[in-house]
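Below is one structure, written out as structure tokens; the observations come after it.
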Amino acid sequence: MKICAVELKSNEAIVCLLSQDNGLFDIPQCRTQKFIMKDSLDNTEMRDFQFAFKKLLEDYQVDAVVIRTRETRGKFAGSAVGFKLEAAIQLLDGVQVDFMSNNDIKQKLKRNPLAIDFRDTGLRQFQEAAFTTGYAYLSK
């Protein structure tokens, strides 16, 4: 199974591709690590984001998208742009979208700790939350 793990952070959608086959994890190369949006998304920009995101999923033959959930209120609440991006991803035709809370991720990582240090994955530091979300999702 190949997934695209997403962390939505202010006006960015940070992505990490992961696959698992017979218990082995693979992190395929990806042409983009994040989508950055303007703070005021108009219809055209939202459609462009949806098109680019769907094209990424098709090009890399992704089976599912998993999004790390964010708080809706309080100090760590997600931004309005982030929630718009989340809706744009959810509304993609033919795409399975699942969510994982921080608590679920912590529980999965406790039961299935990472076998390697994140710095050895070859990913950028800002992709760590997306990576751990994807790893926890695939560690069912």
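The values are calculated or read from the model by the stated rules, or taken from the named source; none is laboratory data. Note that the structure is predicted; figures quoted are calculated from it, not measured. Virtual Cβ from ideal backbone geometry, glycine too; neighbours counted across all protein chains shown.
Here are some notes:
- Among the residues making up the stretch 64-116, those that are without any contact (Cβ under 8 Å) to a residue 60 or more places away in the chain and basic (K, R) are R73, K75, K84, K106, K108, K110, R111.
- Scoring Q61 on the criteria (1) surrounded by fewer than 13 Cβ atoms within 10 Å (Cβ to Cβ); (2) assigned to a strand (DSSP E or B); (3) in contact (Cβ under 8 Å) with a residue 40 or more places away in the chain; (4) not small (G, A, S) leaves a single failure, condition (2).
- Breaking point among (1) aromatic (F, W, Y); (2) closer than 30 Å to D42 by Cα; (3) surrounded by 17 or more Cβ atoms within 10 Å (Cβ to Cβ), for Y137: (2)
- The set of residues in the stretch 5-36 being among the small types (G, A, S) and either surrounded by 12 or more Cβ atoms within 10 Å (Cβ to Cβ) or within 14 Å of the chain's Cα centre (by Cα) (or both) consists of A5, S10, A13, S19.
- Here the condition is being in contact (Cβ under 8 Å) with a residue 24 or more places away in the chain, assigned to a helix (DSSP H, G or I), on the phi < 0 side of the Ramachandran plot and surrounded by fewer than 15 Cβ atoms within 10 Å (Cβ to Cβ); of F131, F126, it holds for F126 alone.
- Test: residue in the stretch 78-90 that is in a strand (DSSP E or B) and either surrounded by fewer than 17 Cβ atoms within 10 Å (Cβ to Cβ) or in contact with a His (Cβ under 8 Å, 6 or more places away or on another chain) (or both): no
- Extreme residue, modelled with the lowest pLDDT, among residues of the stretch 1-39 that are among the aliphatic types (A, V, I, L, M) and within 18 Å of K84 (Cβ to Cβ): M37
- One residue alone among N102, N112 is touching a strand residue (DSSP E or B) at 6+ places or on another chain (Cβ under 9 Å), modelled with pLDDT of 90 or more and of a type outside the set (D, E), and that residue is N102.
- Residues that are farther than 29 Å from P113 by Cα and not in a strand (DSSP E or B) within the stretch 9-47 comprise N11, M37, K38, D39, S40, L41, D42, N43, T44, E45, M46, R47, listed in sequence order.
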